[in-house]
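Here's the structure, in structure tokens; my notes come after.
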Amino acid sequence: RVDIITELHAYPQIKFLALAELELAADQAKVVRDFPFGEEESHKEQLSALNYVRLESLGFAVNLAHGGTQQFFCVRTPGRVLLRNMIAHGTLKGSYRWTWSMTTGTSFTAAESFRLAEASWGPIVQQSAGLYVPSQSWVFVDDPAVVIFRLRADSGRLTVWLMNYSDEHKQGELSFTVPLRACRRVNLEGNPMTGVSAVLDESGKSVKLSLSPWEIAALDLDRG
């Protein structure tokens, strides 16, 4: 993994483009971008991406994660693909820093691509002041395609937000490091949902639920 950090110190109303660039030597290369509820191959010269862009050629892939800047430009020439990520446009006075992370491999799944992006800024964790924090994570998931992207904890409850970051149906199982008394599916605003379920096992430390492709789910859990 390579982290590309760009710093900019600007005077008032300097109007310019600041770009991070990656050039890949490949005759055939796909550009894959993610967006809410999925990912797709892009054929456009100008595109937006929520968390990452992935370049794929035969037996080789480059995974690019970015934080806060979503605009990309793609220039194709014979044997090469040039990808530009806009990091600043018409910047006012101030000091700024951007991070662009990159890793390579033979291929990457959508969930692996998202996790590279998440590593750049860290997961969202909210916990009450003075709450005992276990030495290990609050929760683990059994399927690498299921991503936990947010967790909230207080003395009596846990709320977990997760997503099936794949185009396949998943039967996920979450293992918790603290005992639980009850579990329910809620929407992203925390309101109870009907017609969907999450099953807490007898041990009080494992929850099973069904997830459709690209589905985002939230669980409200009472601690034991």
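The values are calculated or read from the model by the stated rules, or taken from the named source; none is laboratory data. None of these values were measured; they are calculated from a predicted model. FYI the Cβ positions are ideal-geometry reconstructions off the backbone, even for glycines, and counts take in every protein chain you see. Accessible surface areas use protein heavy atoms only, side chains included; no ligands, DNA or RNA. Shrake-Rupley method; radii C 1.70, N 1.55, O 1.52, S 1.80 Å.
Key figures
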{"quantity": "Condition met for Ser175 (within 21 Å of the chain's Cα centre (by Cα), assigned to a strand (DSSP E or B) and among the polar types (S, T, N, Q))", "calculated": "yes"}
{"quantity": "Test set (1) more than 24 Å from Ile148 (Cβ to Cβ); (2) surrounded by fewer than 13 Cβ atoms within 10 Å (Cβ to Cβ); (3) not aromatic (Phe, Trp, Tyr) - Pro36 fails condition number", "calculated": "(1)"}
{"quantity": "Leading residue by the ranking (modelled with the highest pLDDT) among those in region 97-148 that are aromatic (Phe, Trp, Tyr) and surrounded by 15 or more Cβ atoms within 10 Å (Cβ to Cβ)", "calculated": "Phe108"}
{"quantity": "Members of region 202-211 that are open to solvent by 50 Å² or more (accessible area, probe 1.4 Å) and within 26 Å of the chain's Cα centre (by Cα)", "calculated": "Lys205, Lys208"}
{"quantity": "Lone unmet requirement of (1) open to solvent by 90 Å² or more (accessible area, probe 1.4 Å); (2) within 30 Å of Leu24 (Cβ to Cβ) for Asn164", "calculated": "(1)"}
{"quantity": "Neighbours by Cβ (under 7 Å, 6+ apart or cross-chain): first from region 56-71, under 15 Å from Ala26 (Cα atoms); second small (Gly, Ala, Ser) and in a strand (DSSP E or B)", "calculated": "Ala61/Gly105"}
